[in-house]
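Participant: If you scroll down you'll find the structure; I have some questions about it.
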Amino acid sequence: MKRRDLLKSLGVATGTVMLGNVAQASEVTKKKKKVLKIAHITDVHIRPEYDAVSRFKKCLEMIKKDKVDLILNGGDSIYAADYDHITKDRVEQQWACWKESVAVVKDIPMHHVLGNHDMWWKGKGDELYGKPGVLKMLGIKNNYYSFDQNGWHFIMLDSNHPTNPGMLDDEQWNWFVQDVEKNSQDKPTLIMSHYPLLSCTGITDNKTDFRGPFKVGGSYNHLDIMKFIEVFNKNKNVKICLSGHIHLLDKVWYNDVTYICNGATSGFWWEPGDDGKSSYKQTVPGYALLNLYDDGSFDHDYIKYETV
């Protein structure tokens, strides 16, 4: 065979291989389909001061334009009900601000978890007291629960342990393990908690003069994180763990599970922060958008809505 003919035949063969690879890549692309678009808000801390209601409404209007399928609310919905001086009138005032605000997205399903500042502990016997009062205000039946949507499984946890904040009590833990074992075998799973299950913010949010070894409390990492990791190692369909609480934005990838702690929708509790515009340690007020795909993959973007 002449050299010119040989090169021609090699060119055809190479082209065939390349076309084959393109066809295979195209096939892979076709197999991946977006099934859900989610907005994650957390640490709204709504209050009548600092023009918080109109600012939160702006955030929700943007979420509405994003055409999301559902909203996940990560807790601390109101500014604070848990302090000793808080009266029932103040609690009702904050929840009224919440209800006025979320009316903007009344047609979008919203799922909630409880934040540590949501509970009013001074009004024992009152309808707004404790966790039942928060459930009433949010319109949900239980403080932890799960649901399915478009092929994904969602688990909503209550991190507010009665004596050790940042972990699950025995009853909730047993329910959680059974739920994961039953539902995550054939469905990718997203878990949401208020306190992070695993986060690096326990190091970055410490005092500037802090020196190691680092002592990370339950506010930064769940105290029972090693138990969670054991469960995840046995149930490989757990893909995402969402949280808030710290008002800082970070992403930790460990053993094929992605832990995302999103920044606060309120930033520095709506007040002037590090930049004079409500950022907390350089994390500006925002919300997250997540696209979930049928193959268990996802993408994540943090939207700085007040800078738009």
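Participant: Keeping to segment 130-178, report how many residues are of a type in the set (Lys, Arg) and under 25 Å from Leu36 (Cα atoms). So that I can check it myself, show each step before the final result.
Facilitator: First pass over segment 130-178, keeping only residues of a type in the set (Lys, Arg): 131, 136, 141.
Retained after the next criterion (residues that are under 25 Å from Leu36 (Cα atoms)): 141.
Residues flagged as of a type in the set (Lys, Arg) and under 25 Å from Leu36 (Cα atoms) within segment 130-178 amount to 1.
Participant: Still on this structure: Going by the structure shown, is Tyr287 without any contact (Cβ under 8 Å) to a residue 60 or more places away in the chain and either open to solvent by less than 30 Å² (accessible area, probe 1.4 Å) or over 13 Å from the mean Cα position of the chain (by Cα) (or both)? It would help to see each step written out before you state the result.
Facilitator: Values: without any contact (Cβ under 8 Å) to a residue 60 or more places away in the chain: no; either open to solvent by less than 30 Å² (accessible area, probe 1.4 Å) or over 13 Å from the mean Cα position of the chain (by Cα) (or both): yes.
No.
Participant: Turning to a different aspect of this structure: Quick check on Asp179: is it among the acidic types (Asp, Glu) and over 15 Å from Asn235 (Cβ atoms)?
Facilitator: On the way: among the acidic types (Asp, Glu): yes; over 15 Å from Asn235 (Cβ atoms): no.
No.
Participant: Could you check segment 165-199 and list, in sequence order, the residues that are open to solvent by less than 10 Å² (accessible area, probe 1.4 Å) and at pLDDT below 95?
Facilitator: Gly166, Ser184
Participant: Filter segment 134-163 down to residues that are more than 15 Å from Ser193 (Cα to Cα) and assigned to a loop (DSSP other than H, G, I, E, B), then give me how many there are. Outline the logic, then answer.
Facilitator: Initial filter on segment 134-163 (more than 15 Å from Ser193 (Cα to Cα)): 134-141, 148-152, 162-163.
From what is left, the residues that are assigned to a loop (DSSP other than H, G, I, E, B) are 139-141, 150-151, 162-163.
Of the residues in that region, 7 qualify.
Participant: Can I ask one more? Please give the number of the condition Asp295 fails out of (1) farther than 22 Å from Lys57 by Cβ; (2) in a strand (DSSP E or B); (3) among the acidic types (Asp, Glu).
Facilitator: (2)
Participant: OK, next. Only one residue in Leu248, Leu242 is closer than 15 Å to Lys304 by Cα, aliphatic (A, V, I, L, M) and either touching a residue at least 40 places away in the same chain (Cβ under 8 Å) or touching a helix residue (DSSP H, G or I) at 6+ places or on another chain (Cβ under 7 Å) (or both), so which one is that?
Facilitator: On the way: Leu242 fails: closer than 15 Å to Lys304 by Cα.
Result of the check over Leu248, Leu242: Leu248.
Participant: While we're on this one: Quick check on my filter: what residues within segment 250-284 are crowded, with 22+ Cβ neighbours inside 10 Å, on the phi < 0 side of the Ramachandran plot, assigned to a loop (DSSP other than H, G, I, E, B) and of a type outside the set (Val, Ile, Thr)?
Facilitator: Within segment 250-284, Asn262, Gly263, Ala264, Ser266, Phe268, Ser279 qualify.
Participant: Let me ask you something else. Is it the case, given these coordinates, that Lys131 is surrounded by fewer than 14 Cβ atoms within 10 Å (Cβ to Cβ) and either assigned to a loop (DSSP other than H, G, I, E, B) or modelled with pLDDT of 95 or more (or both)?
Facilitator: Numbers: surrounded by fewer than 14 Cβ atoms within 10 Å (Cβ to Cβ): no; either assigned to a loop (DSSP other than H, G, I, E, B) or modelled with pLDDT of 95 or more (or both): yes.
So Lys131 fails the test.
Participant: A follow-up question, please. Considering only residues of segment 236-278 that are among the small types (Gly, Ala, Ser) and at pLDDT below 95, which is farthest from Asp118 (Cα to Cα)?
Facilitator: Checked segment 236-278; the qualifying residue farthest from Asp118 (Cα to Cα) is Gly276.
Participant: Given the conditions (1) over 26 Å from Asp69 (Cα atoms); (2) free of Cβ contacts under 8 Å to residues at least 12 places away in the same chain; (3) charged (D, E, K, R), which single one is not true for Asp299?
Facilitator: (1)
The values are calculated or read from the model by the stated rules, or taken from the named source; none is laboratory data. Predicted, not measured: the structure shown is a model, and the values here were computed from it. All Cβ positions, glycine included, derive from the backbone under ideal geometry; neighbour counts span all protein chains shown. Just the protein is used for accessible areas: all its heavy atoms, side chains included, with ligands, DNA and RNA removed. Shrake-Rupley method; radii C 1.70, N 1.55, O 1.52, S 1.80 Å.
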